[in-house]
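The values are calculated or read from the model by the stated rules, or taken from the named source; none is laboratory data. Being a predicted model, the structure only gives us computed values, none of them experimental. Cβ: placed from backbone, ideal geometry, glycine included. Neighbour counts: every protein chain shown. Only protein heavy atoms, including side chains, enter the accessible area calculation; ligands, DNA and RNA are left aside. Shrake-Rupley method; radii C 1.70, N 1.55, O 1.52, S 1.80 Å.
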Amino acid sequence: MNDRTASGPAGGPAGVAGGSAGVASGPAGAADGPAGGTDGSGPGSSTGAGGSGPAPGRVPAARTGRGGSGRTGSARRGGAGSTGRVSGGWTPWLYLAPALVVLGGLLVYPIYQLGLISLFEYTQAQVSGGEPATFQGFGNYAALAGDPQFWQVLLATVLFAAACVVSTLAVGCALAVLLTRVRAVPRLALMLAAMGAWATPAVTGSTVWLFLFDPDFGPVNRVLGLGDHSWTYGRLSAFFLVLLEVVWCSFPFVMVTVYAGIRAVPGEVLEAASLDGASQWRIWRSVLAPMLRPILVVVTIQSVIWDFKVFTQIYVMTGGGGIAGQNLVLNVYAYQQAFASSQYGLGSAIGVVMLLILLAVTLGYLRLLRRQGEEL
């Protein structure tokens, strides 16, 4: 006991020196400190053995200060960052809010009303208020499924729209490539002519094309020597005439869009393909088409939507669907059922079917491209 007590004062100065060394040694000194204390040595001996001296109270404080301040600072930064991310996540929606409100009023609500009316027996009697609307559920859809004319019109619409889409893409892409090959003046003239066709209202364009192919006064019959041949009398010839008008007013969108995409392709790529001896068709198929795939996806979907719901050209050029309805498409058929026959519920059901078909075609096309590994 006396030896241990006597060693305490002597160990004090040594402990102070060891404390300074312990501060420098860091974790080692802190780990030895408790060991010195359990030996029963006095304050000086524990300080010397532990290598921390008076520092045990300061070392943890320094550690706590470093670690605590680091953790607290990071927590504060993390909190500020998360708040910024949350607020930043809502910013795009705030900018889109006005457009979403407009789309909701002009698109979502009419679609809702269309689907609602398709579930009711809604005729002229219900419109005038003479009779209450009767809920039929899917009765209008069942009537369509059992109507042979509906399936004939649906098949004609699909085939006609497919022909229009393929023709429009072919003409638009060919003219887009042509624009990259001609000089400035012919390019400007072609662009102006295309913009004129694109800006022409559908009713005006349909009337002009009817005059061009008129049996009595049309210049086309005179040039071809067809006499008084009527292009709108036969079913296929009438569809062909309408197809020409649809392609004429639709190809400028494809041409301008694809031409802009071609201009964005590096010239070195096309030059390298030409030096390798590739033909123009080969360059388009192996170089331009893969690089323009996102643009071609957009113009294809737009063409499918526009050509599937064509109305004005058929109605004006065939007189409401041709002789005995031989040139009916779904849009004109829905118009006849809703307004000519006052079967508004049935006409609304046809509109819903068209909407579902377009959604299925668009989503199926996009899914097919994603399976092929295309980036959209």
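For Val208, the stated conditions do not hold, so it cannot be described as under 28 Å from the mean Cα position of the chain (by Cα), open to solvent by 40 Å² or more (accessible area, probe 1.4 Å) and under 24 Å from Thr318 (Cβ atoms).
Among the residues of the stretch 276-318, which ones are hydroxyl-bearing (Ser, Thr, Tyr), open to solvent by 30 Å² or more (accessible area, probe 1.4 Å) and farther than 24 Å from Leu368 by Cα? Reasoning before the result, please.
Kept after step one, since they are hydroxyl-bearing (Ser, Thr, Tyr), are these residues of the stretch 276-318: 279, 286, 300, 303, 312, 315, 318.
Right, trim to open to solvent by 30 Å² or more (accessible area, probe 1.4 Å) and you get 279, 286, 312, 315.
Across the stretch 276-318, the qualifying residues are Ser279, Thr312, Tyr315.
Scanning the stretch 165-218 for residues that are over 19 Å from Ile305 (Cα atoms) and either in contact with a strand residue (DSSP E or B) (Cβ under 7 Å, 6 or more places away or on another chain) or of a type in the set (Phe, Trp, Tyr) (or both) turns up Trp209, Phe211, Phe213, Phe217.
The numbered conditions (1) assigned to a loop (DSSP other than H, G, I, E, B); (2) within 30 Å of Gly137 (Cα to Cα) are all true for Ala278 except (2).
Against the test of being open to solvent by less than 40 Å² (accessible area, probe 1.4 Å), free of Cβ contacts under 8 Å to residues at least 24 places away in the same chain and more than 23 Å from Leu119 (Cβ to Cβ), the options Gly321, Gly347, Gly325 yield a single qualifying residue, Gly321. The number of residues in the stretch 217-260 that are in a helix (DSSP H, G or I) and open to solvent by 10 Å² or more (accessible area, probe 1.4 Å) comes to 22. Scanning the stretch 171-178 for residues that are over 28 Å from the mean Cα position of the chain (by Cα) and on the phi < 0 side of the Ramachandran plot turns up at least one hit. Restricted to helices (runs of 4 or more DSSP H) entirely inside the stretch 129-204, those with at least 3 residues that are open to solvent by less than 50 Å² (accessible area, probe 1.4 Å), of a type outside the set (Phe, Trp, Tyr) and under 17 Å from Cys249 (Cβ atoms) are 148-179, 184-199.
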